[in-house]
Amino acid sequence: NAEYMGEMIKTDRHMERVREFHVEQDKRITAAEQRKKQKHMKKFGKQVQAEKLAERAHDKNEQIEAVQKWRKSRAANGGQDDFNIALMDDDAEGSAPQASGAKRPRADSG
């Protein structure tokens, strides 16, 4: 009975090796999980990038089609613009003020 109990007790050196083994095992598990996570993120990132490129291509095609449609409608109208914009005269009231060489009066003078 005493021999059995004597065999059950481990030395401090042995217990330190066991602890080191468990710490190393935890590090290996954590590293493996990190690698899996990075691999998943890389795959997901590629998927997002592919979707973005497809969306850009789709938008570009839509814009090209819109320009072609506009050109066809413009050609059908005899080259006249569809924008019925009235040109403003230079003497109109809404025109921008003319720049002059005179300086603006100071706020504190007076």
| Set of lysines near LYS52 by C-alpha distance (under 28 Å), chain-local residues within fewer than 8 positions excluded | LYS36, LYS37, LYS39, LYS42, LYS43, LYS60, LYS69
| remark: FRET efficiency (GLN47, ARG17; Cβ distance; R0 41 Å; to 0.05) is 0.35
| query | At 4 °C and 1.567 mPa s, what whole-number value in µm²/s does Stokes-Einstein give for the translational diffusion of the range 28-77, with Rh from the Kirkwood sum over Cα pairs? | reply | 92 µm²/s
| field | Accessible area, probe 1.4 Å, largest first, for residues ILE9, ILE29 | value | ILE9, ILE29
| message | If I take the Cα coordinates of the range 11-50 and project them onto the principal axes, what are the three extents in Å, biggest first? | response | 59, 6, 5
| Where does each of MET15, MET41 land when they are ordered by accessible area, with a 1.4 Å probe and the largest first? | MET41, MET15
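The values are calculated or read from the model by the stated rules, or taken from the named source; none is laboratory data. Since this is a predicted model, take the numbers as computed values, not measurements. Virtual Cβ from ideal backbone geometry, glycine too; neighbours counted across all protein chains shown. Side chains included, ligands, DNA and RNA excluded: accessible areas come from the protein's heavy atoms. Shrake-Rupley method; radii C 1.70, N 1.55, O 1.52, S 1.80 Å.
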